[in-house]
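Have a look at the structure below, then the notes.
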Amino acid sequence: MPINVTRSSLPSLEEYVEEIRSIFESYRLTNAGPIYKKLQQQLMDHLGVKELSIFTNGHLALETAIDALGLRRDGGEVITTPFTFVSTVHAIVRNGLKPVFCDIRESDYTMDPERIEELITDKTVAILPVHVYGNVCSVEAIAAIARRHGLKVIYDGAHAFGEKVDGVGVGNFGDATMFSFHATKVFNTVEGGAVAFQNEEYAKALNKLKNFGLYDGEDADVIGGNAKMDEFRAAMGVCNLRHLEEAVAARKAVHDRYFERLSGVAGIHLNPVQEGVQSNYAYFPVRFDPQVFGKSRDDVMERLREQEINGRRYFYPAVNDMTCYRALKGKATPIAHEASLQIMCLPIYEGLTLAEADRICDIVLN
Ligand SMILES: *Cc1c(COP(=O)(O)O)cnc(C)c1O
């Protein structure tokens, strides 16, 4: 079997069947049913947030989160990062808004707060940073900038599920935080996602917009879409959440082994867990400086591929280098661009053995 960058977490078939049994008795398949409500409560406890709305995927959660803040307007600009999955930027554009790309920091690949203010214009409506690889953004600096300029802050927390900063759930920062429960993420509901937030009024807007704009079941007062999560996926979430702690511990063991074997090598830069952050160990990005290491990221990828080990160029290309965004004029983002050429994520998941991790390190070091 080839080794891929990740392998989806699955409960036993028996456990899943037990969880969906009630659906076959109630005939309640979707529309905020009892399993949805159970998952919602369990996730609020796990994430340490007061409000949470669950969606059919992370992308629609983010798209709806922007819409529910009332940000749709002609010519409105949203400051975001090019060093992300393309979904982040599509969510802005599909709301009729214009993305303005802000460069990242070398240290943790998140949006550089020192470069945000120079991009603010009278059209700016929001800042949309990303907690890249679970590295938490400079949330206080970003909050101060947003306050000074009257902007909303929406975090793409797709990589930061379950993380805490000095004991505070990462979903408590900004006006809203999106989480993704896609099959490739540290916690999955097959496809799925959520928005965490603080404001109860916002809950009403979000819940309407993900259900056709209906406010009483019959009449719509806003133009919504359909982004609800069904009971079968919610049941997968309930099962996977039960085993999450073990899954994260297994990932940490792989993370620690990689760190032990690869740190201190000239031309290889690893991504240490930030001070005060309780990590989910979702990704293991490695940066190769070809001048010093002697080989490029793509050379190393190729050597691994020959042994059926599939790392991932993540994120590559940077979003402002993608075909659909190349024409957008904006400031150059050289740090993000270079990171996109030098970083590969190594395989990390619950079933990856330490012997396999060692084999991967041997190939990289050779
Ligand atoms: C996975 C991901 C998304 C999209 O989430 P889906 O659940 O796949 O729709 C958005 N942003 C980032 C950074 C992601 O990694």
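Overview of values
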{"item": "Hey, L62 in contact with a Leu (Cβ under 7 Å, 6 or more places away or on another chain), farther than 25 Å from E246 by Cα and either surrounded by fewer than 21 Cβ atoms within 10 Å (Cβ to Cβ) or in contact (Cβ under 8 Å) with a residue 12 or more places away in the chain (or both) or not", "result": "no"}
{"item": "Qualifying residue in segment 326-338 (condition: over 27 Å from V93 (Cα atoms) and modelled with pLDDT of 95 or more)", "result": "no"}
{"item": "Every residue from segment 21-39 that is under 27 Å from the mean Cα position of the chain (by Cα) and part of a helix (DSSP H, G or I)", "result": "P34, I35, Y36, K37, K38, L39"}
{"item": "Residue match in segment 139-149 (condition: at pLDDT 95 or above, of a type outside the set (V, I, T) and surrounded by 22 or more Cβ atoms within 10 Å (Cβ to Cβ))", "result": "no"}
{"item": "Residue pairs meeting the criteria (Cβ under 6 Å; at least 6 apart or on separate chains; first in contact (Cβ under 8 Å) with a residue 24 or more places away in the chain and farther than 17 Å from V286 by Cβ, in segment 243-260; second hydrophobic (A, V, I, L, M, F, W, C) and not in a helix (DSSP H, G or I))", "result": "L244/F187"}
{"item": "Members of segment 160-218 that are in a helix (DSSP H, G or I) and not charged (D, E, K, R)", "result": "V170, G171, N172, Y202, A203, A205, L206, N207, L209"}
{"item": "Flag for I20 being more than 30 Å from R305 (Cα to Cα) and either surrounded by fewer than 22 Cβ atoms within 10 Å (Cβ to Cβ) or among the β-branched types (V, I, T) (or both)", "result": "yes"}
{"item": "Residue check for T56: more than 24 Å from I348 (Cβ to Cβ) and under 17 Å from the mean Cα position of the chain (by Cα)", "result": "yes"}
{"item": "So D67, is it outside the structural domain of E306 (by TED's automatic domain parsing) and at pLDDT below 95", "result": "no"}
{"item": "Residue within segment 264-287 that is charged (D, E, K, R), on the phi < 0 side of the Ramachandran plot, in contact (Cβ under 8 Å) with a residue 12 or more places away in the chain and surrounded by fewer than 18 Cβ atoms within 10 Å (Cβ to Cβ) present", "result": "no"}
{"item": "Failed condition for Q278, given (1) touching a Gly at 6+ places or on another chain (Cβ under 7 Å); (2) within 28 Å of F173 (Cα to Cα)", "result": "(1)"}
{"item": "Helices (runs of 4 or more DSSP H) enclosed by segment 253-366 - at least 2 residues per element that are under 25 Å from V86 (Cα atoms)", "result": "297-306, 334-342"}
{"item": "One residue from T189, T124 being more than 18 Å from the chain's Cα centre (by Cα) and either polar (S, T, N, Q) or assigned by TED's automatic domain parsing to the domain that holds Y314 (or both)", "result": "T124"}
{"item": "Residues that are among the aliphatic types (A, V, I, L, M) and over 27 Å from I23 (Cα atoms), drawn from segment 201-231", "result": "A205, A220, V222, I223"}
{"item": "Residue count, segment 44-95 (criterion: within 14 Å of the ligand (Cβ to nearest atom) and part of a loop (DSSP other than H, G, I, E, B))", "result": "9"}
{"item": "Scan of segment 144-187 for residues that are among the aliphatic types (A, V, I, L, M), out of contact with any helix residue (DSSP H, G or I) (no Cβ under 7 Å at 6 or more places or on another chain) and away from the ligand (no atom under 16 Å from the Cβ), ordered by number", "result": "A144, A146, L151, V165, V168"}
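The values are calculated or read from the model by the stated rules, or taken from the named source; none is laboratory data. A quick note: this is a predicted structure, and the numbers were derived from the prediction, not measured. Because the Cβ atoms are built from the backbone with ideal geometry, glycine has one as well, and the counts that use them run over all protein chains shown.
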